[in-house]
Amino acid sequence: MLRALAERYPLAVVTSRSQREAAAFLAQYGLSDLFHAIVTRDNVRRLKPHPMPVRTAAEKLGVPPEQCVMVGDTGVDVRSAKAAGALVIAVLCGFGDMNDFEDADLVIDSTAQLGEWL
């Protein structure tokens, strides 16, 4: 699914982890080549739910935040994206639940469903 999306859209990772941790995770799963930008706690002064990480990712991708869709699994992800002006797809297969996602633009059960919506 990520490979199919990467063929159609520039992708970014926005995480509160360190650059080293994010790079190790992506490398472990063979995903490093799919992302045009990786924004970590090492790249921004403010972390999610502040809009700075999402805005930084949009800038690195060369698109306005309003043309971005953030896929997240926590209420913090939803708040960060909304504050940045991005659309949000919340996924229930992570840490959040429906109570965390009332402000999301779309809530789906699994990331496997992303291809249907994007």
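The values are calculated or read from the model by the stated rules, or taken from the named source; none is laboratory data. Because the structure is predicted, anything quoted here is derived from the model rather than measured. Note that each Cβ is placed from the backbone with ideal geometry, even for glycine, and that neighbours are counted across all protein chains shown. Quick note on the areas: whole protein, heavy atoms, side chains included, nothing else; ligands and nucleic acids left out. Shrake-Rupley method; radii C 1.70, N 1.55, O 1.52, S 1.80 Å.
Descriptive notes on the structure:
- Screening Asp100, Asp109, Asp73 for residues that are open to solvent by less than 50 Å² (accessible area, probe 1.4 Å) and among the acidic types (Asp, Glu) leaves exactly one candidate, Asp73.
- When Pro49 is tested against (1) in a helix (DSSP H, G or I); (2) touching an Asp or Glu at 6+ places or on another chain (Cβ under 9 Å); (3) under 19 Å from Val91 (Cβ atoms), exactly one condition is not met: (1).
- Looking across the range 73-117 at every residue that is in a helix (DSSP H, G or I) and among the aromatic types (Phe, Trp, Tyr), the one that is farthest from Met1 (Cα to Cα) is identified as Phe101.
- Matching option when the condition is of a type in the set (Asp, Glu) and at pLDDT below 95, among Asp77, Asp97, Asp33, Asp42: Asp97
- Arg17 being part of a loop (DSSP other than H, G, I, E, B), among the basic types (Lys, Arg), over 21 Å from Ala112 (Cα atoms) and open to solvent by 50 Å² or more (accessible area, probe 1.4 Å): yes
- For the range 22-70, taking the residues that are free of Cβ contacts under 8 Å to residues at least 12 places away in the same chain and of a type in the set (Lys, Arg), the one that is least open to solvent (accessible area, probe 1.4 Å) is identified as Arg46.
- Candidates in the range 76-97 are the residues that are open to solvent by less than 30 Å² (accessible area, probe 1.4 Å), of a type in the set (Gly, Ala, Ser) and without any contact (Cβ under 8 Å) to a residue 40 or more places away in the chain; of these, the one that is farthest from Leu118 (Cα to Cα) is Gly96.
- For first residues located in the range 98-118 and more than 23 Å from Ala83 (Cβ to Cβ), partners that are of a type in the set (Gly, Ala, Ser) and lie 6+ apart or on another chain with Cβ distances below 7 Å form the pairs Gly115/Ala4.
- The single condition from (1) without any contact (Cβ under 8 Å) to a residue 60 or more places away in the chain; (2) open to solvent by 90 Å² or more (accessible area, probe 1.4 Å) that Leu11 fails is (2).
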